[in-house]
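Data block below; observations after.
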Amino acid sequence: MTRRPLVPLLLAFAGGLSAAELLPPSAASPAVLPILFGLPPVLGLVLAFRSARLGPPLLFGLFFLAGALLALHDRTPERVLQSAAARKARVTVQGTVIEPPHHRREVARFPVRVDRILSGGCTAAAGERIYVAVYRNAPRLRPGQRIRFPARLRLFRNFNNPGRWDYEAAMRIRGFSCAASVSDGRSVVLMAPAGTLGALEDALEKLRGPLRDWFRRSLSAPERGLMRALVLGEKQGIDPADREAFQAAGLAHVLAVSGLHVGLVAWLAFTAIRWILSRSHRLLLAADVRKVSALAACLPVTVYALTAGFHVSTQRALIMVLAYLLSVAAGREKDVWSTLCLAALLILAANPQALRTISFQLSFGAVAGILWLAPAIYRRIPNPFEKEGRHPGLAARPAAYAAGLLSATLAAVLFLLPLTVFYFHRISLVSVPANLMVTPLLGLWVLPLGILSALFFPLLPSLAGLLLQGASLGASAMTAVARFLSGLDGAAVWVITPNRFELLLLYAVLVSGIFALRGRFRPLFLASCLVLAADVGYWVHETALRRDLRVTYLDVGQGNAALVQFPRGKRMLVDGGGFRLGDFDVGRMVIAPYLWRQKIARIHTLVLSHPEADHMNGLGFIAKHFSPGSLWYSGDRVESDSYRRFMAIIHAARIDVKTPGDPGIPLEIEGVQVEILHPVPEAPGDETLSRLGTNDRSVVLRLSHAGFSFLFPGDIENRVEALLVRRFGGRLRSDVLLSPHHGSNSSCSEGFLEHVQPAWCVVSAGFGNRFGFPHPEVVARLRAAGACIARTDRHGAVRIVAAPGSLSAEGTAGEPLKGLTCTD
């Protein structure tokens, strides 16, 4: 602790922040603040009078307590607008645009600081932040503009499935109270005079605004988005296809202003200032030019970091660079580990919520991995141009640079691998060659020219234009490399995802394994490997050896998606959810993360009840990346872009397509009886099939195992329900019913429920959906039929397990549903 005291102190502080998350909301009492401000005197006493034995543990405990108290104090109480958003209130908002809008197709999204609420009874909402979405005719706005607009407020909500991304927490950490929807951008009115972002932000926007407009006038869309990200720290303009290419190639980090960017600015500023000062012989004699240059370089570095948005990665880089420059100015270069820990402590003290953000974890994790592993890797890379007893040739320095870059890349990739898989579910197999090619382009070409162009823009516009075009060519080369490498077969692989315990376990194996190679902590390494092996054995049993039938109804909002896990590992996905508008991919963002967290890498059969967006649009990603062997669907063809895209994926993946009545549909899968009850062309009464709508031609699937049955009726309505009753009568009897058409009043007729006699009915509908599903009359009919009701909008993913002699159910949190839902 005496050598690098900031390392254990940072761990203690972060541990306190994490421990506070386990405490109930009532723990954040008004008494926290006096205790928090009382800590510094106590800390001073410990430092002044500490003994050799008691001082370090006391200091460690105080930092732990300080972290916990600070996290409790930072808990945000419920804001005024949140109560209005819970009612989905319609209000008129007057506020100031904070950041440039993100335009995607017809939709624009941007944050607004509320100045006034002119209706809705929210008179005390000034200063709160909301995230606005304009769905049509989005106006072109810029930060600092005052606007007035009508909107419907709504709360941020998660898809409550295990393995989900915590969207609510992410938006809360960013300081947003709620979301606001504007149906037509023509209702957004610009107001005068302009608003204020704060003295510092106003000054920075005067720098950013002209550069942003200049980039828009001078560059084409792909290069403009990339240059805005690299110079201004604004990633809103990056083309989604290019963003995906950079992510798949393992290059996403170059799009965020971080250590490379800030370090380069520091080096340019230091070199330029030192060269200028060295022109004066008087200064050379009177002062240490190196120290003066280091001190003077702090200003341009700080200005660049603030101009580039001052995100977490930028904050970390700025603090580390400033600490180094100041240590040079003082004649004392500090230990890099201590500098890294100091940066983390300062960021967490200012914003305790940063510990939970992906950017903080990846940014500091990458630097820690490089500091710890890169020197050892570098020593093992031979330099053919450096031979003992000989003067190194001209090629020795480039070879050493390449070896250093390779070492840093390998160290960062290896150390961040568990975190990368945990958050992004994907491993890039081309990240090392991609970084070896792109990092020199960025550091030696794009960034220098881009920053110099911004510097010369107000002074010499013509020269600035030439520099910007040169930087744009480099950005195009970076994008071309990312596109080429990400387009290679097997460039990136989607992988199963660890849970939080498994994440810690993987790091225990990684860290203790590296120490074990050095002859230390070998028992810890062996113990970690044994626990990991036990965990692997558990999941092998869960995914391949169980003998029961498990059906999980996922929370996909307003839509249907159900995972069927047959005995001995076969799996089926019935529908995939989806949205009609926007580009949010339910398959990629909701269903696939759940599957990966459950250690499922393959779905054997896809079932599409009917080709409507809320059942179909999420299946495309699953069809592309989970290797299904067959698709069962109703056979309907619809004229929509989403249907054509989905079928193109099916044909490209060579998935066998089956429709009801085809001989290839099995009657039994691993002992589970499979029945397709509708539509069946040869059945009596099907002369009406051609006159039915798409909903009423839904595939109706029934699965039976161990004396229990599950019925999946798609979106059929009363007419087809009556047809099924006439055709099958008592054969419709099922213990678990997925409510037809999400609980619409046009379904779940009394006659249908009388013949199905469900013990459980699962309603898959979006929270507060505009249709009012499930309809109150449907709920009443289900209760009258004696069914227990489970709702994905309230209970999250609902899993029902059929085993010999038992039928059990649980919600996302693992709480028993029986009784809870019967009376709900």
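Failed condition for Glu21, given (1) open to solvent by 60 Å² or more (accessible area, probe 1.4 Å); (2) acidic (Asp, Glu); (3) modelled with pLDDT of 85 or more, with all others met?
Exception for Glu21: condition (3).
Quickly run through segment 506-561 and pick out the residues that are closer than 30 Å to Gln673 by Cα, of a type in the set (A, V, I, L, M, F, W, C) and buried (at least 18 other Cβ atoms within 10 Å of the Cβ). Talk me through it step by step, then tell me what you get.
First, pick out the residues of segment 506-561 that are closer than 30 Å to Gln673 by Cα: 537-561.
Filter again for of a type in the set (A, V, I, L, M, F, W, C), leaving 539-540, 544-545, 549, 551, 554, 556, 561.
Residues satisfying the conditions are Leu549, Val551, Leu554, Val556, Ala561.
Of the conditions (1) hydrophobic (A, V, I, L, M, F, W, C); (2) within 30 Å of Ala272 (Cβ to Cβ); (3) modelled with pLDDT of 95 or more, Leu442 satisfies every one except a single condition; which number is it?
Of the numbered conditions (1) hydrophobic (A, V, I, L, M, F, W, C); (2) within 30 Å of Ala272 (Cβ to Cβ); (3) modelled with pLDDT of 95 or more, the odd one out for Leu442 is (3).
Based on what the data block shows, is Gly786 in contact (Cβ under 8 Å) with a residue 12 or more places away in the chain, under 25 Å from Arg733 (Cα atoms), surrounded by fewer than 18 Cβ atoms within 10 Å (Cβ to Cβ) and not β-branched (Val, Ile, Thr)? Outline the logic, then answer.
Working: in contact (Cβ under 8 Å) with a residue 12 or more places away in the chain: yes; under 25 Å from Arg733 (Cα atoms): yes; surrounded by fewer than 18 Cβ atoms within 10 Å (Cβ to Cβ): yes; not β-branched (Val, Ile, Thr): yes.
Against the criterion (in contact (Cβ under 8 Å) with a residue 12 or more places away in the chain, under 25 Å from Arg733 (Cα atoms), surrounded by fewer than 18 Cβ atoms within 10 Å (Cβ to Cβ) and not β-branched (Val, Ile, Thr)), Gly786 qualifies.
Taking the criterion of being free of Cβ contacts under 8 Å to residues at least 12 places away in the same chain, closer than 30 Å to Trp539 by Cα and out of contact with any Leu (no Cβ under 8 Å at 6 or more places or on another chain), would at least one residue in segment 476-490 satisfy it?
Within segment 476-490, the subset free of Cβ contacts under 8 Å to residues at least 12 places away in the same chain is 480, 484, 489.
Next, from what is left, pick out any that are closer than 30 Å to Trp539 by Cα: 489.
Among the residues that remain, those that are also out of contact with any Leu (no Cβ under 8 Å at 6 or more places or on another chain) are: 489.
The answer is yes; a qualifying residue exists.
Collect the residues in segment 478-493 that are over 23 Å from the mean Cα position of the chain (by Cα), farther than 13 Å from Pro433 by Cβ and crowded, with 16+ Cβ neighbours inside 10 Å, keeping them in residue-number order.
The answer is Met478, and nothing else.
Criterion first (at pLDDT 85 or above and in contact with a Cys (Cβ under 7 Å, 6 or more places away or on another chain)) does Leu295 satisfy it? Before the answer, list the steps.
Working: at pLDDT 85 or above: yes; in contact with a Cys (Cβ under 7 Å, 6 or more places away or on another chain): no.
It is false that Leu295 is at pLDDT 85 or above and in contact with a Cys (Cβ under 7 Å, 6 or more places away or on another chain).
Provide a single number: the residues in segment 624-647 that are surrounded by fewer than 16 Cβ atoms within 10 Å (Cβ to Cβ), within 24 Å of Gly693 (Cα to Cα) and either in contact with a helix residue (DSSP H, G or I) (Cβ under 8 Å, 6 or more places away or on another chain) or not basic (Lys, Arg) (or both). Let's see the steps before the verdict.
So in segment 624-647, the residues surrounded by fewer than 16 Cβ atoms within 10 Å (Cβ to Cβ) come out as 627, 629, 637-641, 644-645.
Next, only the ones that are within 24 Å of Gly693 (Cα to Cα) stay: 637-641, 644-645.
Filter once more, so that each one left must be either in contact with a helix residue (DSSP H, G or I) (Cβ under 8 Å, 6 or more places away or on another chain) or not basic (Lys, Arg) (or both): 637-641, 645.
Residues meeting the conditions: 6.
Mind checking which residues of segment 599-610 are open to solvent by less than 10 Å² (accessible area, probe 1.4 Å) and over 22 Å from the mean Cα position of the chain (by Cα)? If you could, list the steps in order and put the result at the bottom.
At the first step, the residues of segment 599-610 found to be open to solvent by less than 10 Å² (accessible area, probe 1.4 Å) are 600, 603, 606-610.
Those that are open to solvent by less than 10 Å² (accessible area, probe 1.4 Å) and over 22 Å from the mean Cα position of the chain (by Cα): Ile603, Leu606, Val607, Leu608, Ser609, His610.
Do any helices (runs of 4 or more DSSP H) lying entirely in segment 199-281 carry at least 3 residues that are closer than 17 Å to Ala297 by Cβ and open to solvent by 20 Å² or more (accessible area, probe 1.4 Å), and which ones are they? Step through it out loud before you land on a result.
Working: elements: 199-218, 221-227, 240-248, 259-278.
Filter on segment 199-281 gives 259-278.
Residues being under 11 Å from Ser258 (Cα atoms) and in a helix (DSSP H, G or I): count how many of those fall in segment 305-318.
Counting residues in segment 305-318 that are under 11 Å from Ser258 (Cα atoms) and in a helix (DSSP H, G or I) gives 8.
Condition check ((1) in contact (Cβ under 8 Å) with a residue 40 or more places away in the chain; (2) within 18 Å of Arg654 (Cα to Cα)) across all residues:
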site	(1), (2)
Val607	yes, yes
His610	yes, no
Asp614	yes, no
Gly618	yes, no
His625	yes, yes
Leu631	no, yes
Val638	yes, no
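Would you call Leu573 over 20 Å from the mean Cα position of the chain (by Cα), without any contact (Cβ under 8 Å) to a residue 60 or more places away in the chain and either farther than 26 Å from Val680 by Cα or surrounded by fewer than 17 Cβ atoms within 10 Å (Cβ to Cβ) (or both)?
In short, no.
Strands (runs of 3 or more DSSP E) wholly in segment 463-580 with at least 2 residues that are of a type in the set (Val, Ile, Thr) - which ones?
Details: elements: 492-494, 549-553, 562-565, 571-574.
By residue number, 549-553.
May I ask you to list pairs of residues, at least six apart or on different chains, whose Cβ atoms are under 7 Å apart, with the first in segment 351-378 being within 15 Å of Gly404 (Cβ to Cβ) and the second being open to solvent by 50 Å² or more (accessible area, probe 1.4 Å)?
If the second residue must be open to solvent by 50 Å² or more (accessible area, probe 1.4 Å), the pairs left are Gly369/Leu414; Leu371/Val336; Leu371/Trp337; Leu373/Leu414; Ile377/Leu410.
Residues of segment 623-648 being at pLDDT 95 or above and either touching an Asp or Glu at 6+ places or on another chain (Cβ under 6 Å) or part of a strand (DSSP E or B) (or both), which ones?
The answer is Ser630, Leu631, Trp632.
The values are calculated or read from the model by the stated rules, or taken from the named source; none is laboratory data. Quick caveat, the model's predicted, so the values are computed rather than measured. With ideal geometry, Cβ positions are generated from the backbone for all residues, glycine too; neighbour counts draw on all protein chains shown. For accessibility, only protein heavy atoms count, side chains too; no ligands or nucleic acids. Shrake-Rupley method; radii C 1.70, N 1.55, O 1.52, S 1.80 Å.
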